[in-house]
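Working notes, beginning with the structure itself.
Where a number appears in this text, it was derived from the coordinates with a stated rule and is not lab data. Bear in mind the structure is a predicted one, so any value in this text is a computation, not a measurement. Cβ sites come from the backbone with ideal geometry, for glycine too, and all protein chains shown count toward neighbours.
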Amino acid sequence: MTIRIYNTLSNQKEPFEPLQPGRVYMYVCGITAYDLCHVGHARSAIVFDVIYRYLQYRGFDVVCVRNFTDVDDKIIKRAQEEGTNSQAVAERYIEAFYEDMDQLGVARPDYEPRATQFIPEMIELIEILIEKGFAYQVDGDVYFAVERFSGYGKLSKRKLDDMIAGARVAVEPGKKNPMDFALWKASKPGEPAWASPWGEGRPGWHIECSAMSTKYLGSTFDIHGGGKDLIFPHHENEIAQSEAAFGKIFARYWVHNGFVNIDQEKMSKSLGNFFTIREVYERYQPEVLRLFLLTSHYRSPVDFSPESMSEAERGLERFYQTIEQVIELTGDLSSSGQLPTSKDTEFSSLRDKIDSILSRFQNDMDDDFNTAAALGQLFDLSRALNRFQDSRSRKPTPEEKELLAQGGHRLRECANVLGLLQRSPEEFFQEHRRMSLATLGIGEEEVEGMIAERAQARKEKNWARADEIRDKLAEMSIMVEDKAEGTRWRVKTASN
């Protein structure tokens, strides 16, 4: 099946045909580094991380660029408030971004340019636009003349005349049209500035992405991504200045992720209704946030709430419990290639699910990266593996072990494409236990002491005392499971 991508430019799904067979050039708009990232930033990062991973999984050589805006009005304002400089502010929040994203399992792209590293390229691009009559200079500022570009509005489906009529802001001095946008801004006292043919100043926001994408990917490339809030004006302006300068299609597929909402309203710093990624990490493991954001199609809005996060946590626990149980029964997750056969009905049913999981997963992901449907396939396989294990009261046969091992292997293989199940079950449950105990205000040493006391009581056949301790642990939300190799315990939370 051919990969189909919903293209914002055409408002429909299109077969994906890269410019070069087997190779994909992709540019994703990154953060403006003036504050900690919130869950909305996490969604965009994860969406394009999955697209990057999946294209690689499908055999493409992917060249991915994600930029950092490290000079901007918001960065300058934060620096002035803190009595420092823009560079120090940007550096601090870029490092914070890396810390947050590394925990989320977001892969580093091939190139991560910063705007201030490409001032000469931006100046050169602006000079081309002035020479071709698409830009004009006014007192050290340079503006793009939107009326000169006939395709303005084609991405956002807006008509220039309607935008001009609806403009509510006063036209800035020197602007020929209220919709004209800044390519270069004359310097103001106390702001960072660079030399240019138009005097000291700094670049406008939009020009940086055109310059950096051209540097690494050429004047035409395959996929340009970002959040829906970037469609207008940022991406619309990128198209205008790039296609005006080079006379070529800028990006062939425009991919935009939906918003993260709280109470049906977009999560944003300007509205003050946001949770930073670090606040989420205080309660949930990063992989829980990743799973939560992938349970909805990337173009759809997603409502962030404690209930939805707890549901994602339950789902992730089920995945890890499945893998844990398979490893306990088989000793390993392996794929020897050929699936074993049996006349047993339950065996054959599970075998069919395992045999078809890769194609079913791929079909869903080929359909505009439908992670919600793909996860449904993985949950279905997880349930089937659990049912099969539960139906066997005896020790599994070698054929059953092989089947389970291959099922666990393929479950993890598909999950890994989504950036999930990257850890061992032991690591996941240890961290889950630590965080849950901290939430309950219970010390792990206290629980371990009670578990040891109960084990001794069982050894002495003091069943009454053992049951008493078990009941007390239950009151503390501690679940006890006696296994042949010893007692295992977990914390019962709202997610269990």
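Shown here are the Rg and Dmax of the Cα trace of the chain, at 27.4, 92 Å. Principal semi-axes of the equivalent ellipsoid, √(5λ) from the alpha carbon gyration tensor of region 309-423, are 23, 16, 12 Å from largest down. Summing charges over all other residues whose Cβ lies under 12 Å from the Cβ of Gly201, with Lys and Arg as +1 and Asp and Glu as -1, gives -1. Could you tell me whether region 173-273 comes out rounded, prolate or oblate from its Cα gyration tensor? Rule is a ≥ b ≥ c as square roots of the eigenvalues, rounded for a/c under 1.5, then prolate if a/b exceeds b/c, otherwise oblate. In terms of gyration-tensor shape, oblate. Kirkwood analysis of region 343-496, using all unique Cα-Cα pairs, places the hydrodynamic radius at 18.4 Å. Whole-percent P(r), region 426-491, all Cα pairs, 5 Å bins from 0: 4, 16, 29, 26, 15, 8, 2.
Listed by chain and number, the lysines whose alpha-carbon sits under 20 Å from that of Lys472, ignoring those within fewer than 8 places in the same chain, are Lys459, Lys461, Lys483, Lys492.
List the aspartates and glutamates whose Cα sits under 18 Å from the Cα of Lys353, skipping any in the same chain fewer than 8 residues away. Straight-line reach from Lys353, under 18 Å: Asp344, Asp364, Asp380, Asp390, Glu399, Glu400, Glu402, Glu413. Other residues whose C-beta falls under 12 angstrom from the C-beta of Lys353 contribute a net charge of +1, scoring Lys and Arg +1 and Asp and Glu -1. Placing dummy labels 7 Å off each Cα toward the beta-carbon, the span from Lys132 to Gln117 is 2.6 nm.
The separation of region 355-377 from region 211-255, counted between C-alpha centres, amounts to 29 Å.
Set the Förster distance to 41 Å, then compute FRET efficiency between Glu346 and Gln12 from the Cβ-Cβ distance, nearest 0.05. The pair Glu346/Gln12 has a calculated efficiency of 0.40.
Spatial offset of region 48-69 relative to region 379-395 amounts to 35 Å, using the alpha carbon center of each.
For the pairs Lys154/Lys188; Lys188/Lys248; Lys132/Lys248; Lys132/Lys188; Lys132/Lys185; Lys159/Lys188, note any where the Cα-Cα span goes beyond 26 Å.
Exceeds cut-off: Lys154/Lys188; Lys188/Lys248; Lys132/Lys188; Lys159/Lys188.
For the chain, the relative contact order comes to 15 percent (Cα pairs under 8 Å, sequence separation of at least 6).
Helix screen, the chain: DSSP H segments with Cα axial length of 24 Å or more and mean Kyte-Doolittle hydropathy at least 0.0 are 39-57. Within the straight-line cut-off of under 17 Å between alpha carbons, the aspartates and glutamates reachable from Lys77 are Asp35, Glu91, Glu191, sequence neighbours fewer than 8 places apart in one chain being disregarded. Each stretch of four or more DSSP H residues adds -39500 (n - 2.57); spread over every residue of the chain, this sum gives -15500 deg cm²/dmol at 222 nm. Across region 191-285, the relative contact order, built from alpha-carbon pairs under 8 Å that are at least six residues apart, equals 23 percent.
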